[in-house]
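Asker: Provided herewith is a single structure, encoded as structure tokens, for subsequent inquiry.
Just so you know, all these numbers are worked out from the coordinates, no wet-lab data involved. None of the values given here were measured: they were computed from a predicted structure. With ideal geometry, Cβ positions are generated from the backbone for all residues, glycine too; neighbour counts draw on all protein chains shown.
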Amino acid sequence: MSNTTRQWTCFTVGPLCMTAYGIIRLTDPTHGPGPAWSLGHLALLAAVLAFVPVMWRLRRWAAAGRGPAARLLAGAATAAGLLGAAAATAQTVIDLVVGVLCADREAMNAMFDGVRSHPGVTAAVYSVGPLLFYVGLVLLTAQLAVLRRIAAWRPLVVVAGIAVTATSLDLLPLGGLLLLLALAPLGRQWRLPAPDAARSRRARPEL
């Protein structure tokens, strides 16, 4: 599989793995430790990592053939998204390690409290940091919609997917499916136009 093919596949894999995590989480009423906890967090880790090439591809689409302002906005949104992905990855790895090391939920809670007791960890890994992932994703899809490179409803569906997830983690499967609806067709159907002046002036389909 070529690098480009893997990038297109990630538009589907990321949301699907997020959906899988949400479904597995619903089967684990105690929320760890155990096989469901570990399997679910492995699916979440795969989802977060899959979104990294998605962010890069969206940045290229948003910046291709555009001026400095558009490139700066796309770069800033991507930087925020990647920082958020790094924070989410750190959180997921911590959750996996805690789940492996602890025998019950009480021991997990005590270990989590110990991790969060370090200055800056809660903000960087558990609250503000992961939010940047969603900020970057929304900004990139919104910029593409403003540029008419994707349909205007797609960033709205991305926001809806994020909103339902924020409402309750039990709605993660729905949030993942909404992200799949918004993003997967981009990976299947669209190709990045060359960022030269001639092509940048051509009409592009909205998907």
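Asker: For residue 32, what residues show an amide H to amide H distance below 5 Å, using hydrogens built from the backbone and excluding near sequence neighbours?
Answerer: Those lying under 5 Å, H to H, from residue 32 are 37.
Asker: Let me ask another. Given the options 76, 184, 107, which has the most mean-square fluctuation in a GNM of the chain, springs set between C-alpha atoms less than 10 angstrom apart?
Answerer: 107
Asker: Let me ask something additional. How far is helix 172-189 tilted, in degrees, relative to the longest principal axis of the Cα atoms in the chain, given as a value from 0 to 90 rounded to the nearest 10?
Answerer: In the chain, helix 172-189 runs at an angle near 30 degrees to the longest axis.
Asker: Taking R0 as 41 Å, what's the FRET efficiency between residue 30 and residue 207 from their Cβ-Cβ distance, rounded to 0.05? Each step should come with its number before you reach the end.
Answerer: Values: r = 42 Å, r/R0 = 1.02.
E(calc), rounded to 0.05, equals 0.45.
Asker: While we're looking at this one, here's another question. Restricting things to alpha carbons, tell me how big the chain is in terms of Rg and Dmax, in Å.
Answerer: That works out to 18.2, 62 Å for Rg and Dmax.
Asker: With label points built 7 Å along Cα→Cβ from the Cα atoms of residue 167 and residue 107, find their separation and express it in nm.
Answerer: 3.8
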